[in-house]
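Asks: Encoded as structure tokens, here's the structure I'll be asking about.
Every read-out reported here was derived from the displayed coordinates using simple, explicitly stated rules and does not represent laboratory data. Quick caveat: nothing in here was measured; it's all calculated off a predicted structure. Here the Cβ positions follow ideal geometry from the backbone for every residue, glycine too, while neighbour counts run over all protein chains shown.
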Amino acid sequence: MKELKDKLNIDEQIKLLNRCVLNDLPLHEELNNLGLTYDNLRYNNYVNGFSRQGKAETLDNIKPSNEEIPAISFFSGAGGLEIGFKYAGFKNLASIENNELFCDTLKLNNPNQIIIGPPDYSGNISCREEIKDILEKKVGIKVNFEGVFHGGPPCQPFSIASNQRFKKQGDNFKRLGFEDKEKGNLLFDYLWFIEYFQPRAFLIENVPGLEELDEADLIKKHLEKLSNIGYSITKPTVLNAADFGIPQSRKRLFIIGIKGNQMYKFPKPNIYQAASYDVFQADLKNVENHITRNHTAESILRYINLDFGMRDKLGRVDRLNPVPPAKTVIAGGTKGGGRSHLHPYSPRTLSARESARIQTFPDEYIFTGSSARQFTQVGNAVPPLLAYKLALELKSTLPNTQYSQ
């Protein structure tokens, strides 16, 4: 966080902004000419320092386990679940993902890992026989797989937030759920793989709206089939990431099944929710994906009047409050422009790296593609720290089998 002495005097700042507006000058160029950046700008109510109870945790201070419980990642995205499982002692044998850019990120960070996706494969798990053959012949897994499956089928058909991007009178406003022909049935494709390979355990992640749209009990019926072949399955359980050390309010639904009579118990929440304060104290030197937008002077003149937690209605961005958990990191869609919240101390939007820190990605993890697409990857992910805590509990629950190097 920049100290107060590094911020422009408010009167000097207003003069600079007004001069850019009156003369149609690019603000980023004027700042550069003065040897300044957007981080030298300030809000009208700049506050330097807070006290908070819940400290944010980070994977950067955790040593990954050297155990190698085998796992397969479905709908891998940028790898949020994979990272958490890796730190907990799981070895990811293969990642299945149909977005080529996401596959690029997975390959960059895991150069020796099997990536089942473009350009070499479709990565589309609705092509069941194709993916099954790859898992059997290339990855080498068999029925009664001794490892774990984990994945979060695309949540857009069930998400309130994604549908709020559309006009209420439009067909897209209504959550389509299982009526979404492209993505709505991928959950059942995933359940088919679980039923076929019968892994020792599985994890399903999605948005809380998944249950609301299961009016015909389709999910319930599929889970009953898995129960009938020997799985003990948790009730769909909604967790808020902020309750587990993640500096962000992010609610997600989880279903976890284990073969046998042992029922999975979700980790206990922390006493206090994590503040986002620590994220904005951390150094940003020599880190990747820290590119900030070149905002116009007109935008900055609006932003500087915002108090903590307030929204700029024109830009639809919120100034974060560093004391409570941050608001949910936004994906921005795979086709539209990614965007982020406003920094609590500097009147600019966050970089992809700052958003990734809120999501608890390690700093060494790099995202490929344009800045907008980096936001998409970060925002789509399960927070790796939450995945780590879920995976630790799963590892302790798996019965009677030791996996090690």
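Asks: Between Tyr46 and Ser227, with labels modelled 7 Å along Cα→Cβ, what's the label distance in nm to one decimal, could you check?
Replies: 5.9
Asks: Something else now. Among Thr376, Thr234, what is the fewest-to-most ranking by other Cβ atoms within 10 Å?
Replies: Sorted ascending by nearby Cβ count, the order is Thr234, Thr376.
Asks: So which of Lys86/Lys137; Lys91/Lys327; Lys91/Lys259; Lys235/Lys327; Lys268/Lys313; Lys220/Lys268 end up more than 30 Å apart, counting from Cα to Cα?
Replies: Lys91/Lys327; Lys268/Lys313
Asks: Something else now. In whole angstrom, how far apart do the alpha carbon centroids of segment 84-103 and segment 351-402 sit?
Replies: After rounding, the separation between the Cα centres reads 10 Å.
Asks: A further question follows. Under a Cβ-Cβ cut-off of 11 Å, what is the net charge of the residues other than Ala282 that fall near it, where Lys and Arg count +1 and Asp and Glu count -1?
Replies: Charge balance in the 11 Å sphere: -2.
Asks: With r defined as the distance between the Cβ atoms of Glu100 and Glu129 and R0 fixed at 30 Å, what FRET efficiency is calculated, to the nearest 0.05?
Replies: 0.85
Asks: Multiplying the sequence separation of Met263 and Ser122 by 0.36 nm and subtracting their Cα-Cα distance, what value in nm do you get?
Replies: Result for the pair: 47.3 nm of gain on full extension.
Asks: Using Cα-Cα distances under 8 Å and only pairs 6 or more residues apart, what relative contact order does segment 267-347 have, in percent?
Replies: Relative contact order here is 30 percent.
Asks: Rounded to the nearest 0.05, what FRET efficiency do Lys91 and Tyr272 give with R0 = 51 Å and r taken as the Cβ-Cβ distance? Could you check?
Replies: 0.95
Asks: Separate question: For Glu136 and Glu364 in the same chain, what is the full-extension length gain: residue separation times 0.36 nm, less their Cα-Cα distance, in nm?
Replies: Stretched out fully, the Glu136 to Glu364 stretch lengthens by 78.9 nm.
Asks: While we're looking at this one, here's another question. Report the gain in length on full extension from Ile62 to Arg302: 0.36 nm times residue separation, minus Cα-Cα distance, nm rounded to one decimal.
Replies: Difference between extended and current length: 82.4 nm.
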